[in-house]
Amino acid sequence: MQLLKGCGMAAVGVLLVATLALAMPSPREQVRQTVDQGIEVLRDKARTGQPRRETLSRLIRARFDFTAMSQRTLGKYWKEASGQEQARFVALFSDLLEASYIGRIEAYSDETVSYRAERVEGDLAEVDTSVHSGNVDIPINYRLVRENDGWFVYDVIIEEVSLIKNYRNSYGEIVRKEGYAGLFARMEVKIRELRAAPPKGTKG
């Protein structure tokens with residue numbers, strides 16, 4: 001009887017996990033939702049300047065896992081950093097990526113996005129998309145990690161170039177030569193430059 005009860009509980013557990021998996025949107029659907037919401041914001045002519053940037057910021061921070069991105073970007077240097085240095089890097093890297101990403105997507109001019117292949121291996125996934133601009137197709141792939149309540153982006157591959165790998169190469173060299181203080185100083189300067197650029201859709 002005890003054995004049957006144990007098997008019954010196991011079956012319930014398996015059913016619960018399967019139900020949750022079905023309830024959670026796929027990686028492709030979650031990427032589509034975030035990108036489509038961003039496009040909707042960019043198409044809204046009544047929402048420009050800083051208010052638009054703030055809306056885009058909320059969308060980005062809700063879908064991107066900046067801690068996972070930071071760990072992968074610093075690589076071996078992440079483990080060597082103190083807890084305070086790790087926290088400082090995550091904060092700066094989040095601000096830098098957000099400012100850079102928003103600056104790029106604000107140049108949007110009615111391009112369309114196709115959502116193509118989706119590959120899932122355990123808690124990792126990759127979603128292939130393509131941005132159609134005029135006669136050019138720009139491949140953009142999103143790498144995601146599954147957490148409790150969904151799939152979150154930890155790397156973006158634009159025309160076969162990894163965002164994380166690109167930063168890792170330059171940041172690793174800076175840490176080696178100038179330490180974390182030197183890296184943080186450089187990041188702060190870059191963030192100020194990006195934020196100083198006037199928002200698209202404003203005059204002046």
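The values are calculated or read from the model by the stated rules, or taken from the named source; none is laboratory data. Please read these numbers as outputs of a predicted model, since none were measured by experiment. Here the Cβ positions follow ideal geometry from the backbone for every residue, glycine too, while neighbour counts run over all protein chains shown. To get the accessible areas, we keep the full protein, side chains included, count just its heavy atoms, and leave off ligands, DNA and RNA. Shrake-Rupley method; radii C 1.70, N 1.55, O 1.52, S 1.80 Å.
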>> Quick check: at a probe of 1.4 Å, how many percent of the accessible area of the chain sits on carbon and sulfur atoms?
In response: 54
>> Per residue, how big is the convex hull of the stretch 95-204 when only Cα atoms are used? Give it in Å³.
In response: 155
> Taking the alpha-carbon set of the chain, what are its Rg and Dmax in Å?
Replying inline: 20.3, 78
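Would you calculate, for the chain, the mean residue ellipticity at 222 nm contributed by helices, counting each DSSP H stretch of 4 or more residues as -39,500 (n - 2.57) and dividing by all residues, to the nearest 500?
Theoretical 222 nm ellipticity from helices: -20500 deg cm²/dmol.
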>> Where in the chain is the longest stretch that carries no GluC sites (Glu not before Pro) classed as loop by DSSP and with at most 13 other Cβ atoms within 10 Å?
In response: 1-158
